[in-house]
Amino acid sequence: MLKLLRRAALAAFLPIVFLAAVGAPPESLAQAPAAPAAQAPVATPAPAAPVAPAPVAKAAATETIDNPYGLESIWRGSDWVAKGVLLILAIMSMGSWYIIITKVYEQSKISKAAKKADKEFWSAPSVKDGAERLKATSPFRFIAESGLEATQKHTGMLGNVDLNDWITMSIQRAIDNVSSRMQDGLAFLATVGSTAPFVGLFGTVWGIYHALTAIGIAGQASIDKVAGPVGEALIMTALGLAVAVPAVLGYNWLIRRNKRVMEHVRGFGAELHAVLLSTPRAAGRA
């Protein structure tokens, strides 16, 4: 009986030892849930390195864009006729402004001389003393000396001329001389005012002729091909008007100022005439 128990226990124990030797888990262990297989870590992409903002470039210097339409393009692309027209208009403009400025200055000087003559000349004891009080460049001194010289040269054949007429002629010649000097340059202004628009118009016609010729040769008559050359030609007309308008306005303004100044000159001459005629009579009575 004991042997049977030993054999049964041995029979039950041998399978367990066998299973342990081969590495098979016991039945209880086999029923346990298998541990999840360790998953290999998924390689996550490394975050991209932040891109450093590019340094702000310094503002590039603005490129000078040549204007395809203007005076410079006209001068470069024009022939000698168009350049001659531009030079003539430039000379007319500079001459007009020079005359306007100089004549205004001269008229202002004569106006000041008129005030000085009214203040100092007539308070002098004689015509000679009064003339010496005025400046050598004063037109009033020139008129006074001319009248005084007429009274001193009334001899010989000139003595046959009436003294009144002789003094009147001498003073009038002096006044005409002053008026002529004040009129210097005004003829140039009148000429510029009347001819500058036509000079500019000639430049316009010449420029349009060459522009249309160039367009015909190129065979393109689109607006961008026509507007530029024709616009440049029309600038000539604008330049002619820009030269003529100041000349006409300056001419009319200077003429009006001359009339106002000459009123003082003629008034001075009339008073001087009366004084010179009365001086010999007073000397004869004395």
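A full extension of the chain between E271 and K116 corresponds to an added length of 54.3 nm, given 0.36 nm per residue minus the alpha carbon distance.
Listed by Cβ neighbour count within 10 Å, with the fewest neighbours leading, L186, L89 appear as L186, L89. Simple spin-label estimate for M169 and L212 gives 6.4 nm between the two label positions (7 Å along the Cα-to-Cβ direction from each Cα). A cut-off under 12 angstrom between Cβ atoms defines the neighbours of A117, and their net charge, with Lys, Arg +1 and Asp, Glu -1, is +4. Using the Cβ-Cβ distance between Q152 and S123 with R0 = 25 Å, the FRET efficiency computed as 1/(1 + (r/R0)^6) comes to roughly 0.65. For a Förster distance of 41 Å, can you work out the FRET efficiency between the beta-carbons of K135 and A238, rounded to the nearest 0.05? With a Förster radius of 41 Å, E is 0.35. If R0 is taken as 45 Å, the Cβ-Cβ distance between V81 and R260 corresponds to a FRET efficiency of 0.55.
Under the rule a/c < 1.5 gives rounded, and otherwise a/b versus b/c splits prolate from oblate, where does the range 160-278 land using the Cα gyration tensor? Could the numbers behind the result be given before it?
Values: a/c = 10.99, a/b = 4.63, b/c = 2.37.
It is prolate, given that a/c is not under 1.5 and a/b is the larger ratio.
By the count of neighbouring beta-carbon atoms within 10 Å, fewest first, S180, S93 end up ordered S180, S93.
Among K116, K103, sorting on how many other beta-carbon atoms sit within 10 Å of each Cβ, with the fewest leading, yields K116, K103. Using the Cβ of K128 as centre and a radius below 12 Å, the other residues enclosed give a net charge of -2, where K and R count +1 and D and E count -1.
Near E149, once Lys and Arg are set to +1 and Asp and Glu to -1 for all other residues with Cβ below 15 Å from its Cβ, the sum equals +2.
All of the numbers you see were taken from the coordinates with simple rules; none came from a lab. For clarity, every value in this text was computed on a predicted model and none was experimentally measured. In this analysis, Cβ positions are derived from the backbone assuming ideal geometry, glycine residues included, and neighbour counts consider all displayed protein chains.
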